[in-house]
1. At 7 Å along Cα-to-Cβ for each site, give me the label-to-label distance between T290 and R166 in nm.
2. Enumerate the calculated ³J(HN,Hα) couplings along the stretch 290-298 in order (Karplus 6.51 cos²θ - 1.76 cosθ + 1.60, θ = phi - 60°), each rounded to whole Hz, writing x wherever the residue is Gly or Pro.
3. For K144, give me every one of the aspartates and glutamates with a C-alpha distance below 15 angstrom, ignoring sequence neighbours fewer than eight places off in its own chain.
4. Pick out which of G158, G175, G260 has the largest mean-square fluctuation in a Gaussian network model of the chain, springs linking Cα atoms closer than 10 Å.
5. Running a GNM on the chain with Cα contacts under 10 Å, which residue among H55, H120, H197 ends up with the highest mean-square fluctuation?
6. Using R₀ = 25 Å, calculate the FRET efficiency as 1/(1 + (r/R₀)^6) where r is the Cβ-Cβ separation of V256 and R103; round to 0.05.
7. Take the chain, connect every pair of alpha-carbon atoms lying under 10 Å apart with a spring to form a Gaussian network, then pick out the residue of I217, I104, I43 with the largest mean-square fluctuation.
8. For the chain, taking Cα atoms only, what is the radius of gyration to one decimal and the Dmax to the nearest whole Å?
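Since every read-out is calculated from the coordinates, none of them should be taken as a lab result. Just so it is clear, the structure is predicted and the values come from calculations on it, not from any experiment. Here the Cβ positions follow ideal geometry from the backbone for every residue, glycine too, while neighbour counts run over all protein chains shown.
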Amino acid sequence: MRIGIDLGGTKIELVALSTAGEIVFQRRVDTPKDDYNAVIDAISQLVETASDALHFPSSQPLGIGTPGAISLKTGLMMNCNSTCLNGRALQEDLARRTTRPVRIANDADCFTLSESCDGHATNESVVFGVILGTGVGGGIVVNKSLLQGVNAITGEWGHIALPSDRLDGFKLNRGRTCFCGKADCVETWLAGPSFQHSFQQLARAKSVVGETKAQRIPTSPAEIVEAARSGNEIAAECLEQYCNLLALALSSVINVLDPGVIVFGGGMSNVDEIYQRVPNYLSRYIFADTVNTRFVKARYGDSSGVRGAAWLWPDH
Ligand SMILES: [Zn+2]
């Protein structure tokens, strides 16, 4: 059996996977807000509940996936969007509290590991996993092992600056500020909220906002995609541009890593147009005469993160 825990900004989820990869136990609780000790309490309580139900041994290890990483310099958490975790010895504190071995990895890394081990990327030796959600993350798995670099930032393509000046007919204002302090990071263009932002900017430029009160202006990413499919020209242009930008952003990954498959997760991964259009745009940007890279949607969707956390202990 393998135990995975997904520590997110709003929910903490624990799953137990059987050796065949079936979920045999699953439990979710709300993430306590801004209270590190309460987070430790909540995770410990979840583990106890699972242990009571499944009678796993005291040596049973735990895998934790969370947005963030362990700093190789300090051994403490960094880059966490649940900021109460930053600067904390989460791995040691959880190991001490639960008296079990604990491994922690970035949530995008866990996502990629899950899809590589028993998801939609099992047939390739080099896999790039992409999360296009409220943020943009990535992970690299080679021969079913997570690649972990010397700076603990492998796969963090979301914070590479996107050279949008390479796009023909680009109409949006550049200079979007990212939470990381830099400008025009991939995340500021390709996260779900960034897609919405682009649509609003295009609509404003065409003086649509405020003038069509009788017609509902789409707001969520899903509504914008639906509007594009129904013939809304601005939404269609926004979606086309999103696919073009995504191809541009992925071209640098492909030029360096050349993965056999790129597996997509997060809310924007449900946009089917991505899988048709991005490969076409890629031929403009990559340094090759063919695009053999496969583009697939995650097999386990939102569950891939927690499943991948369980896979942090592959031999268990
Ligand atoms: Zn950034």
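1. My value for the distance between the label points is 2.2 nm.
2. 9, 10, 9, 4, 8, 10, 10, 7, 4
3. Here the aspartates and glutamates satisfying the reach criterion relative to K144 are D109, E115, D118, E124, D315.
4. Per the Cα network of the chain with a 10 Å cutoff, G175 tops the list.
5. The residue that fluctuates most here is H55.
6. Approximately 0.40, to the nearest 0.05.
7. Highest fluctuation of the listed residues: I217.
8. 20.5, 65
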